[in-house]
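Below is one structure, written out as structure tokens, with a few remarks after it.
The values are calculated or read from the model by the stated rules, or taken from the named source; none is laboratory data. None of the values given here were measured: they were computed from a predicted structure. A quick note on method: Cβ atoms are made from the backbone with ideal geometry, for glycine too, and the neighbour counts reach across all protein chains shown. To get the accessible areas, we keep the full protein, side chains included, count just its heavy atoms, and leave off ligands, DNA and RNA. Shrake-Rupley method; radii C 1.70, N 1.55, O 1.52, S 1.80 Å.
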Amino acid sequence: MKIISADWLVICDENNSIIQNGAVVFTDKIQEVDTLNNIEKKYPNIEIEKLAKNSVLMPGLINSHIHLEFSGNTTTLKYGNFYSWLNSVIKHREDLISKANTKLILSKLSKMKRTGTTTIGAISSYSFDLDACVKSPLNKVFFCEVIGTKGDMIDTLFADFKDRLNIAKKYKSANFIPAIAIHSPYSVHPFLVRETLKLAREENLPVTSHFLESREEFEWLHKDEGAFVEFFKNFLGQEQSVTKPMEFLNLFSNIKNLSFTHCVEASSDDFEKIKSLGASVNHCVTSNRLLNNTKLDLEKLKDIPFTIGTDGLSSNNSLSMFDELRNVLMTHYDKNILEFSNVLLKAATINGSRALGLNKGSLAEGLDADIIALTLPDEIEEKEDLAMQIILHTKFVDKTIIGGEFV
Ligand SMILES: [Zn+2]
């Protein structure tokens, strides 16, 4: 059993609870969270690691949506328009993927750890990131992705996907959870979606999918129009989309841990459906800004929980969750900054845990002991400023605890 204390504990619960001069008792799970005074009285014989002035303990951050296989990109890909970006990805895919070897991906994962992330939802298109993910101390929900719209290729594509999933399943452990990603409504044939989801239900695997990320996708799916017409004709000899957005969503019934990424062009009906499916929305604000000049309308979500994802370095300049949180804070400038900061810390912790089907994301008894320690540059006068100041000032964390171990 270990005990650590700090000037501030940010619990990340419904009430935005904060404990001043608090301590956390933990093994691999959190045993108790209380004031330092109470913990000292209750555990007089256990040494307490007391952190310095202006220290903060909070749950480790959960990056719910990331593509590590594109970690080789910095200045190569074209931003500003989704269709131009997509074409640039196709043009440079081979180069970028060969750059992102295990060594590079491990260095990115290591930096993510130093910037506060303890858990990732990794979307893996080819399993080229598997080795690095297995070696990293971070918690991984490893989403093997299925893609393909050609009717005559479905059996081959499904077999390839199952091979990748089966290999990932061999590495299943407390911090490596195999899962399923459907690429998107425009890129996966409904038969393939149906078969894949059947597997997810049988084996109770978490599922995620991109959904209505761009105006181009909206026009193609709803009207078979727009820039995607040329793309599908040239690359796939296809003149119509394989599904409509609502038909696609209807396939996802009875998936226990489900999330949809982006949703910037989703309608109120789509969101109603997403809500009825019990799904979460992965919000990737930097990616949306870079590729589409759009942002998710958080008002439309109503009470659908949203999470924070950096997406990959194919559509971001950083994989740091604190960089991403600062971007979310600045992009949604219509929100009250103090209240919204509390919302965001929960989006990046407890909501991420829910979307990925984990038992983490809050400093609460019985949850996994995934905790980060950081230090603010100066004192906080009013408790209500704490969440905002954490987001504004944190570049790196001082300590990372995953599953009760300092890593
Ligand atoms: Zn993505």
Would you please list the contacts, defined by Cβ atoms under 9 Å and residues six or more apart or on different chains, that run from a residue in region 88-101 that is in the same structural domain as residue 72 (by TED's automatic domain parsing) to a residue that is exposed (fewer than 13 other Cβ atoms within 10 Å of the Cβ)?
90/235; 97/126
In region 125-140, is there at least one residue being open to solvent by less than 60 Å² (accessible area, probe 1.4 Å), outside any helix (DSSP H, G or I) and closer than 24 Å to residue 214 by Cα?
yes
Test result for residue 288, within 16 Å of the ligand (Cβ to nearest atom), assigned to a loop (DSSP other than H, G, I, E, B), in contact (Cβ under 8 Å) with a residue 12 or more places away in the chain and over 18 Å from residue 345 (Cα atoms)
no
Scan region 36-67 for residues that are of a type in the set (A, V, I, L, M), more than 16 Å from the ligand (Cβ to nearest atom) and not in a loop (DSSP other than H, G, I, E, B) and jot them down.
36, 39, 48, 56, 57, 58, 61
Selection count where residues are free of Cβ contacts under 8 Å to residues at least 40 places away in the same chain, aliphatic (A, V, I, L, M) and under 24 Å from residue 125 (Cβ atoms), scope region 291-334:
1
Is it the case, given these coordinates, that residue 200 is under 25 Å from residue 63 (Cα atoms) and aliphatic (A, V, I, L, M)?
yes
Given the criterion among the small types (Gly, Ala, Ser), touching a residue at least 40 places away in the same chain (Cβ under 8 Å) and not assigned by TED's automatic domain parsing to the domain that holds residue 67, identify the matching residue among 369, 347.
369
Of these, 94, 14, 40, 49, which one is among the acidic types (Asp, Glu), open to solvent by 10 Å² or more (accessible area, probe 1.4 Å) and touching a strand residue (DSSP E or B) at 6+ places or on another chain (Cβ under 6 Å)?
49
Determine whether residue 21 is in a strand (DSSP E or B), on the phi > 0 side of the Ramachandran plot and open to solvent by 40 Å² or more (accessible area, probe 1.4 Å).
yes
In region 243-278, which residue that is under 21 Å from residue 65 (Cβ atoms) and touching a His at 6+ places or on another chain (Cβ under 9 Å) is nearest to the ligand (Cβ to nearest atom)?
261
